[in-house]
1. Using packing as a proxy for protection, rank 174-181, 149-156 so that the peptide with the highest average count of other Cβ atoms within 10 Å comes first.
2. Can you list the HN-Hα couplings for the range 110-125, worked out from phi with the Karplus curve (6.51, -1.76, 1.60; θ = phi - 60°), rounded to whole Hz and with x for Gly and Pro?
3. If you average the sequence gap of Cα pairs under 8 Å that are 6 or more apart and divide by the length of the range 87-246, what percent do you get for the contact order?
4. Could you pull the accessible area for Ser167 with a 1.4 Å probe, rounded to 10 Å²?
5. Which cross-chain or sequence-distant (5 or more) residues have an amide H under 5 Å from the amide H of Trp124, H modelled 1.01 Å from N in plane?
6. So for the range 85-158, averaging the separation of alpha carbon pairs under 8 Å that are six or more residues apart and normalising by length, what relative contact order in percent results?
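The values are calculated or read from the model by the stated rules, or taken from the named source; none is laboratory data. Just so you know, these numbers come straight off a predicted model, no measurement behind them. Using ideal geometry, Cβ is built from the backbone for each residue, glycine included, and neighbour counts are taken over all protein chains shown. The protein model used for the area step is the full one, side chains on, heavy atoms only, and it has no ligands, DNA or RNA in it. Shrake-Rupley method; radii C 1.70, N 1.55, O 1.52, S 1.80 Å.
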Amino acid sequence: MLRAFTRNHNDNSTEAGFQFTFYCDVCNDGFRSSFIESQTYGKGKLLRGLSQGAGVLGGLVGGRGYNVGNSASQAGGILSERFENRSPEWQKEHEAAFGRAQNEVMQHFHRDPSCNQYVCHSCWNEDQGLCTKCAPRQEVYVAKARAEAMRRNIDAAGADATVWQGSIESKTTVCPSCGKPAGDGSFCNNCGQSMARPECPRCGAQNAASTRFCNNCGLNLADAPTAAAPPGVCASCGAQNPPGTKFCGQCGTAA
């Protein structure tokens, strides 16, 4: 008798016997049926054994015994070919074994009347009589919704959070004394050289420490007289110090 069942299965049968694996249409978990040995394969092994024995006997006695062994060997070869081509007897066994496997595994499946899928117990909502894809379990769906909402909240908070502050584009200052990156301070991080930008005594423009000519008026800064620092201002770093200070509180230069 033909019965409807899931087409989501694998046929693991071989010439020696029959076995099938049926899968859930939702989670794809599989249930494998019991192995059923092929009766035709057992008969073929017996005939092949007889043909080998007859061949040995014919080799010993010769004559008629050889003819009997040769005939049995030919019969065994024909059966072997029938097994390779799946003989009608094997096909009948296969069909019957498939029906038995369906009956064995069907107890692990439910057929959803809405989507017509065959699902396992884990994917079956027994309260609603539907699969969990059509009718998710309430507690599972609520927990999933809460988790998704939590991820959305975290993503939104992360998008608005400031985790770094600074300038994306910055120019590295190279110390004119040692030639290495000086950092962002008033003195070189490597050798301690003052990184104060000299001021042109003629136009007042600030220039890089290694500049020989003013970038604003072109004055030769090497030959230009150095203007005296205002009272309390360090001539080396330009830091403002209280009156009467003998050494600069910023760089230690004698006042």
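1. Result, highest mean Cβ count within 10 Å first: 174-181, 149-156.
2. Couplings: 10, 9, 7, x, 8, 9, 6, 9, 9, 10, 7, 4, 5, 9, 10, 8 Hz.
3. Values: 139 pairs, mean separation 12.4, N = 160.
In percent, rounded to a whole number, it is 8.
4. Accessible area of Ser167: about 80 Å².
5. Residues meeting the amide H criterion: Thr132.
6. Once divided by the residue count of the range 85-158, the mean separation gives 15 percent.
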